[in-house]
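S.K.: Encoded as structure tokens, here's the structure I'll be asking about.
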Amino acid sequence: MTLLISLIIYLWTSLPLLKIIQIKDYFSPSIWAHFDLPSSWKIFFEKREIVIGLIWFALLAIAITGANFPIHSIWGLLSLILVIALFSKRKEFLKSFKWTPKFLFINALLLILIFRILQYSNTNLLIVVFLLAKIGQFPIVLISTFIANFLTKIFIKPLHKKATAKIIEFKKNGGKVIGITGSYGKSTTKELLAQLLSVRYKVLKSPLRLNAEIGLTQFVIDADLKNIDYLILEMGARIVGDIETVVNIFEPDIVYLTGLAPQHIATFGSMEKIIKTKLEIFAREQQTRIAILNGDDELVKDIFSGLNITNKYLYGRDGHFYSKNENYSLNGTKFTFVYPEGETEFETNLITPQQIDNLIGVMAGCYLNGIKPDELTDKIKELKLLQHSYTISKKENPLIIDDSYNANIVGVQKGAEYFVNLELQTKIIIFAGILELGAETQSYYKNIIETFKKTDKVFLTFKDFSDIFTENLNNTEIIDEEKFKNFYNELQKENCGILILGRVPNWIFEIIK
């Protein structure tokens, strides 16, 4: 009977909370940052939660008089029927989870904790009702996650050593490790660098969205590094020490700093801590290391000046490597690449200034590793970007530019600036907002308001902190599926452009297809 009640609580209350935990990658600062959004607190104040709360307070008031509410076995059949019904209802939701060993452990531990609490309370109705409420279940979910994270840190240590040993062997055979970090531009730099280095070398890169300690460690352990010349690792961070950890494991020979912005500032706590963390990529004493930094970012440029590394290079304006004579179009860009020994003209399928900035950094890396610019001519014409990474998904009637891979304040600003300067009669932006900007979210949004004003329509897919847009932009509204569908069907699509910024709901892509 107690087990059935535990399963009811798990299926009805635990699963939605576990979804948040998994989306936030079991990462405590990120879980708490989730509640910087006012709407996130509503999960504790839904109608169902209020009803459960009123029932609990009523039972508590009665319990004060000395009454006890054990659930007897006569309710067993009803509980079994309810478990089956809930499982049927949650079946598709259960499939949406990634059932990793860690997640399985969290679920098992959570069920054990619920079962034990009920068992020790003699399955008291007062306790059952409390655990059915999300406010009662949330601490137990957090405890299960905390224990899993603690055990993960213990078990990952031997894997760190295994990965480091493999890297040492890799380097003995002539291989080099490239580490790429920054608040923006990491993924694009990694993808482009892997393509251009491959004109001469065998290259292996970390997979899509894999940039943290555990994922990178397992990737290197499983990877076949035989005959590989360059191993490219994207290195992400959400708290101080994250970059230092991966640098100590993989000891990169070549390091990139692509840019600095308040990305994940809610988990870092301040811009100063973000800068401190990104600087960890330069921490190890290794004078043979090559450092390549983005000079178009003023904060990075300042760091370059004080960086005590012999082989350091700046790309972008006033740098060792830069572009000039850029001619942008939706079909591609013509530009001149300037490097220490001369300059070479190129044509590429990349269309935006920020993409060219990343490309210049990548071409600098190739040059510093023995690849002459002329060797890159053909490859640069047909580069492959990550899907949803400021790519044209439809060229006309309407033009659709998809930048939904990720959203950071610098990328949104630059992407919007490029879009509003296109020669289009109608310009529409669909914006999904930016997560983990913390209490300063609205002040960061103010920076993009002026650019958004140059469009004909701005659709928001979020409500949290949306008032900064609705109060300052007359052309802004929050949309739902039906509203957007009606708008799109009636839209005059000729000479019209739509820019998608951030991880918008899938129904938007279904409608514009």
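S.K.: Sort through I221, I178, I135, I167 and tell me the only one that's more than 22 Å from L293 (Cα to Cα) and touching a strand residue (DSSP E or B) at 6+ places or on another chain (Cβ under 7 Å). Steps first, please.
M.R.: Numbers: I221 fails: touching a strand residue (DSSP E or B) at 6+ places or on another chain (Cβ under 7 Å); I178 fails: more than 22 Å from L293 (Cα to Cα); I135 fails: touching a strand residue (DSSP E or B) at 6+ places or on another chain (Cβ under 7 Å).
Of I221, I178, I135, I167, the one residue that is more than 22 Å from L293 (Cα to Cα) and touching a strand residue (DSSP E or B) at 6+ places or on another chain (Cβ under 7 Å) is I167.
S.K.: Let me ask something else. Please find, among G316, G342, the residue that is open to solvent by less than 70 Å² (accessible area, probe 1.4 Å), over 30 Å from the mean Cα position of the chain (by Cα) and not basic (K, R).
M.R.: Details: G316 fails: over 30 Å from the mean Cα position of the chain (by Cα).
Going through G316, G342 in turn, the sole match is G342.
S.K.: While we're looking at this one, here's another question. Name the residues in the range 208-263 that are under 26 Å from K414 (Cα atoms) and in contact with a His (Cβ under 7 Å, 6 or more places away or on another chain), would you?
M.R.: Passing the criteria: only R238.
S.K.: For residues that are outside any loop (DSSP other than H, G, I, E, B) and under 18 Å from A432 (Cβ atoms), tally how many sit in the range 20-50. Give the derivation first.
M.R.: Step one: of the range 20-50, the residues outside any loop (DSSP other than H, G, I, E, B) are 20-23, 28-36, 38-44, 47-50.
Narrowing the set further to residues that are under 18 Å from A432 (Cβ atoms) leaves 20, 23, 30, 33-34, 36, 38-40.
Matching residues across the range 20-50 total 9.
S.K.: Out of the range 394-408, which residues are farther than 16 Å from Q492 by Cα, open to solvent by 20 Å² or more (accessible area, probe 1.4 Å) and not in a loop (DSSP other than H, G, I, E, B)?
M.R.: Correct list: D403 only.
S.K.: Out of everything in the range 144-159 that is open to solvent by 100 Å² or more (accessible area, probe 1.4 Å) and not hydrophobic (A, V, I, L, M, F, W, C), what residue ends up being nearest to Y26 (Cα to Cα)? Please lay out each step first, then the result.
M.R.: From the range 144-159, those open to solvent by 100 Å² or more (accessible area, probe 1.4 Å) are 146, 150, 153, 155, 157; that's our starting set.
When the remaining residues are screened for being not hydrophobic (A, V, I, L, M, F, W, C), the result is 153, 157.
Numbers: K153: 13, K157: 18 Å.
The residue in question is K153.
S.K.: Where the second residue is charged (D, E, K, R) and not in a loop (DSSP other than H, G, I, E, B) and the first is crowded, with 22+ Cβ neighbours inside 10 Å and lies in the range 421-437, which pairs have Cβ atoms under 7 Å and are six or more apart or on separate chains?
M.R.: Short answer, once both residue conditions are applied: I428/K457.
S.K.: Just for the range 347-360: of the residues that are within 19 Å of D374 (Cβ to Cβ) and not in a loop (DSSP other than H, G, I, E, B), which one is farthest from the chain's Cα centre (by Cα)?
M.R.: E347
S.K.: Going residue by residue through the range 70-83, is there one that turns out to be within 24 Å of Q119 (Cβ to Cβ), at pLDDT 80 or above and open to solvent by 100 Å² or more (accessible area, probe 1.4 Å)? Outline the logic, then answer.
M.R.: Residues of the range 70-83 within 24 Å of Q119 (Cβ to Cβ): 70-83.
In the following step, the residues that additionally are at pLDDT 80 or above were identified as none.
Scanning the range 70-83 turns up no residue that is within 24 Å of Q119 (Cβ to Cβ), at pLDDT 80 or above and open to solvent by 100 Å² or more (accessible area, probe 1.4 Å).
S.K.: Further question on the same structure: If I filter the range 455-463 for residues that are within 19 Å of Q354 (Cβ to Cβ), open to solvent by 10 Å² or more (accessible area, probe 1.4 Å) and among the aromatic types (F, W, Y), do I get at least one hit?
M.R.: No - not one qualifying residue is present in the range 455-463.
S.K.: Name the pairs whose Cβ atoms lie under 8 Å apart, with the first residue in the range 343-354 and closer than 16 Å to L196 by Cα, the second assigned to a loop (DSSP other than H, G, I, E, B), and 6 or more positions between them or separate chains?
M.R.: If the second residue must be assigned to a loop (DSSP other than H, G, I, E, B), the pairs left are T348/L383; N349/N331; N349/E382; N349/L383; L350/L383; L350/L385.
S.K.: Continuing with the same structure: Hey, among the residues in the range 111-125 that are touching a residue at least 12 places away in the same chain (Cβ under 8 Å) and out of contact with any Phe, Trp or Tyr (no Cβ under 7 Å at 6 or more places or on another chain), which one's nearest to F146 (Cα to Cα)? Quick ask: steps written out before the conclusion?
M.R.: From the range 111-125, those touching a residue at least 12 places away in the same chain (Cβ under 8 Å) are 111, 113-115, 117-119, 122-125; that's our starting set.
With the extra rule that they be out of contact with any Phe, Trp or Tyr (no Cβ under 7 Å at 6 or more places or on another chain), the set shrinks to 113, 115, 117-119, 122-123.
Details: L113: 13, F115: 19, I117: 18, L118: 21, Q119: 23, N122: 27, T123: 26 Å.
Of everything passing the filter in the range 111-125, L113 is nearest to F146 (Cα to Cα).
S.K.: Here's something else I'd like to know. Which numbered condition trips up N173, out of (1) open to solvent by 50 Å² or more (accessible area, probe 1.4 Å); (2) touching an Asp or Glu at 6+ places or on another chain (Cβ under 6 Å); (3) closer than 26 Å to M363 by Cα; (4) not aliphatic (A, V, I, L, M)?
M.R.: (2)
S.K.: Another one. Could you run through the range 488-509 and say how many residues are free of Cβ contacts under 8 Å to residues at least 12 places away in the same chain and farther than 26 Å from T352 by Cβ?
M.R.: 2
S.K.: A follow-up question, please. For the range 429-450, does any single residue satisfy the condition of being within 30 Å of I178 (Cβ to Cβ), among the hydrophobic types (A, V, I, L, M, F, W, C) and in contact with a Phe, Trp or Tyr (Cβ under 7 Å, 6 or more places away or on another chain)?
M.R.: Yes; the residues of the range 429-450 include at least one that is within 30 Å of I178 (Cβ to Cβ), among the hydrophobic types (A, V, I, L, M, F, W, C) and in contact with a Phe, Trp or Tyr (Cβ under 7 Å, 6 or more places away or on another chain).
The values are calculated or read from the model by the stated rules, or taken from the named source; none is laboratory data. Source: prediction; values computed, not measured. Reconstructed Cβ throughout: ideal geometry from the backbone, glycine too, with neighbour counts over all protein chains shown. When the accessible area is computed, the model is the full protein with side chains, heavy atoms only, and any ligands, DNA or RNA have been set aside. Shrake-Rupley method; radii C 1.70, N 1.55, O 1.52, S 1.80 Å.
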